[in-house]
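The values are calculated or read from the model by the stated rules, or taken from the named source; none is laboratory data. Computed from a prediction, not measured in an experiment: that's the story for all the values here. Cβ coordinates were reconstructed from backbone atoms using ideal geometry, including for glycine residues, and neighbour counts include every protein chain displayed. Protein only, heavy atoms only, side chains kept; ligands, DNA and RNA dropped before computing areas. Shrake-Rupley method; radii C 1.70, N 1.55, O 1.52, S 1.80 Å.
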Amino acid sequence: MARLILLPVFFWSALVLGAVDDSGRVVFDYQMNCQGCHTPDGAGAGSVPTMKGHVGVFLQSQEGREYLVRVPGSATSALSDERLAAVLNWIMYEFAGDSLQLPFAPYTAAEVAPLREKPLNEVDAYRERLLRAIAGADARE
């Protein structure tokens with residue numbers, strides 16, 4: 001029975017990590033580009049919001065999905081589009097927990113590239129409005 005439960009988890013993690021050529025590299029990329037503000041476990045430092053158990057909520061809308069690419073830390077990072085997509089996918093796998101609805105469509109370099117050209121400036125107000133819209137959509141369903 002335990003094998004039947006673990007099998008879907010294994011295939012899902014393989015799918016997400018399959019979008020990452022080297023899982024060691026993606027962890028390194030997170031550590032070097034994201035962890036300073038978002039902490040090793042995604043809990044967030046200071047005024048930085050937590051990703052842990054929550055970040056998957058953003059994928060409930062296209063605007064939310066785009067938001068994760070357009071925040072300044074993502075949009076202006078030195079990572080290539082491919083490596084940023086891999087980090088975003090890893091973040092979902094590592095930190096989203098129950099907030100991620102399956103099936104999950106992994107980010108791609110082709111999706112990330114044009115979104116990075118439109119970084120957000122007023123991130124806090126934008127995030128609050130976006131989360132209210134997502135919560136409102138959930139309430140209507």
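Determine which residues of region 108-133 fall in the zone a paramagnetic label at Ser80 would reach in this model, i.e. backbone nitrogen under 20 Å from the point 7 Å along Cα→Cβ.
Residues passing the 20 Å test: 108-117.
Fully extended, how many nm does the chain gain between Asn121 and Gln31 (0.36 nm per residue separation, minus their Cα-Cα distance)?
30.0 nm is the gain from fully extending Asn121 to Gln31.
Convert each backbone phi in region 66-73 into a coupling constant with the Karplus relation 6.51 cos²θ - 1.76 cosθ + 1.60 (shift: θ = phi - 60°), then list the ³J(HN,Hα) values in order as whole Hz, x for Gly and Pro.
Listing the rounded values in order: 5, 3, 5, 8, 7, 4, x, x Hz.
Please give me, ordered by residue number, the GluC sites (Glu not before Pro) of region 61-130 that lie in loop per DSSP and have at most 10 other Cβ atoms within 10 Å.
Glu117, Glu122
Please list, in chain and number order, the residues 5+ apart from Gly44 or on another chain whose amide H is under 5 Å from its amide H, with Hs placed from the backbone.
Thr39, Met51
³J(HN,Hα) across region 99-105 via Karplus (A = 6.51, B = -1.76, C = 1.60, θ = phi - 60°), whole Hz, x for Gly/Pro?
Ordered by residue, 3J(HN,Hα) equals 6, 8, 8, 9, x, 9, 8 Hz.
Can you work out the accessible area per residue across region 52-141, with the rest of the protein chains kept in place, probe 1.4 Å, in square angstrom?
Details: 4730 Å² over 90 residues.
On a per-residue basis, 53 Å².
Can you work out the Karplus-derived ³J(HN,Hα) for every residue in region 39-44? Use 6.51 cos²θ - 1.76 cosθ + 1.60 with θ = phi - 60°, whole Hz, and x for glycine or proline.
6, x, 9, x, 6, x
Using a 1.4 Å probe over the heavy atoms of the protein chains, calculate the carbon and sulfur portion of the accessible area of region 72-114 as a whole percent. Please list the in-between numbers first.
Values: 1090 of 1970 Å².
That share works out to 56 percent.
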